[in-house]
Amino acid sequence: MYDKIFSEIFDIFSSELERRGIALPSVSEIAGEDNDPYRILTSTILSLRTKDKVTIERSKALFEKAPDIYRLYEMNTDELAETIKPSAFYKRKAENLKEIAGIIIKKYDGKIPNDMDALLSLPGVGLKTASLTLNLGFNELAICVDCHVHQILNRIGIINTKTAEETEKELRRILPKRFWIPLNEVLVSYGQSICRSVSPLCSECPYEDKCKKTGVEKHR
């Protein structure tokens, strides 16, 4: 049952994104260069509550100064903050990045851990960041749930969950594993362009006739 449902959703959403020429999310674009776990972890942290354009620009600026975890650790917090500004909460992110660098160097010999619990123990790293790092950095199966994934799947009516954590748990139960890795980039791109958080473009969505529009008060 769910295999057929998700196959249809992925086919329809992916085809529509391709037709519109819509690019992948910022972290996926950065990962496409070399899939370096350090770059993915760092850029995902920068991307939180930040527009893709800013994420890409500030990530590239940071990697010019700190191409690896050791150079990141050598930067002071003020320099880090200025480099990633205007990423949202850039001062807090700078503090977290500095602390993360120290932990990884001292505890993991400078290598980003490919373990969910280890990643979640790092300051400022939540389920989305850990999952995306495992997905793109290590090609390991993990379900990355952000606001778009959570909202779209509830809006369509496939799931009925209150939090991203509940969504991740439910998707582990029903989502075919071949969709675990591409789930985030497809739904994030679709959520940014068509199935928007506010006033989604339902009239332009080829899935509209099957969508329950749960929680949608106004659409175009």
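The values are calculated or read from the model by the stated rules, or taken from the named source; none is laboratory data. Nothing here was measured: the structure is a model prediction, and the numbers come from that model. Ideal geometry is used to build each Cβ from the backbone, glycine not excepted, and the neighbour counts take in all protein chains shown. All accessible areas refer to the heavy atoms of the entire protein, side chains included, with ligands and DNA or RNA removed. Shrake-Rupley method; radii C 1.70, N 1.55, O 1.52, S 1.80 Å.
In the chain, the convex hull through the Cα atoms has an average projected area of 11.8 nm², a quarter of its surface area.
Were the residues from Met116 through Ile22 laid out at 0.36 nm apart, the gain over their Cα-Cα distance would be 30.8 nm.
When only alpha carbons are used to place a centre, region 103-133 and region 136-205 end up 22 Å from one another.
For region 118-220, report the translational diffusion coefficient in µm²/s to the nearest whole number, using Stokes-Einstein at 20 °C, 1.002 mPa s, and a Kirkwood Rh over Cα pairs. Present the calculation step by step, with values, prior to reporting the outcome.
Working: Rh = 14.3 Å.
The Stokes-Einstein estimate is 150 µm²/s.
Using a probe radius of 1.4 Å on heavy atoms only, what accessible surface per residue do you get for the chain? Whole Å² is fine.
It amounts to 51 Å² per residue over the chain.
Could you tell me which of rounded, prolate or oblate describes region 107-150, using a ≥ b ≥ c as the square roots of the eigenvalues of the alpha-carbon gyration tensor, with rounded for a/c under 1.5 and, failing that, prolate when a/b is larger than b/c and oblate otherwise? Judged from the Cα gyration tensor, region 107-150 comes out oblate (a/c at least 1.5, b/c at or above a/b).
Only helices enter the 222 nm calculation for the chain: every DSSP H run of n ≥ 4 contributes -39,500 (n - 2.57), and dividing by all residues gives -17500 deg cm²/dmol, rounded to 500.
From Cα pairs below 8 angstrom and at least 6 apart in sequence, can you work out the relative contact order of region 1-117, rounded to a whole percent?
Numbers: 95 pairs, mean separation 24.0, N = 117.
Answer for region 1-117 is 20 percent.
Mean projection of the alpha-carbon convex hull of region 101-176 over all orientations, in nm²? List each step's numbers first, then the result.
Numbers: hull surface 21.6 nm².
One quarter of the hull surface, i.e. the mean projection, equals 5.4 nm².
Since only Ser43, Phe63, Gly32 are under comparison, the one whose Cα sits farthest along the positive direction of the charge dipole of region 32-137, derived from C-beta charges on Lys, Arg, Asp and Glu, is Ser43.
About its Cα centre, the dipole of region 5-48 is roughly 140 debye, where the only charges are +1 on Lys and Arg Cβ and -1 on Asp and Glu Cβ.
Within the accessible surface of region 14-58, defined with a 1.4 Å probe on protein heavy atoms only, the carbon and sulfur portion equals 47 percent.
Solvent-accessible surface (1.4 Å probe) assigned to Glu165 amounts to roughly 110 Å².
When the residues Tyr190, Tyr70 are ordered by accessible surface, computed with a 1.4 Å probe over the protein chains alone, the sequence from largest down reads Tyr70, Tyr190. When only the Cβ of Lys, Arg, Asp and Glu is charged (+1, +1, -1, -1), the dipole of region 1-104 relative to its Cα centre reaches about 440 debye. Placing a pseudo-label 7 Å from each Cα along the Cα-to-Cβ vector at Cys147 and Arg178 gives an inter-label distance of 3.3 nm.
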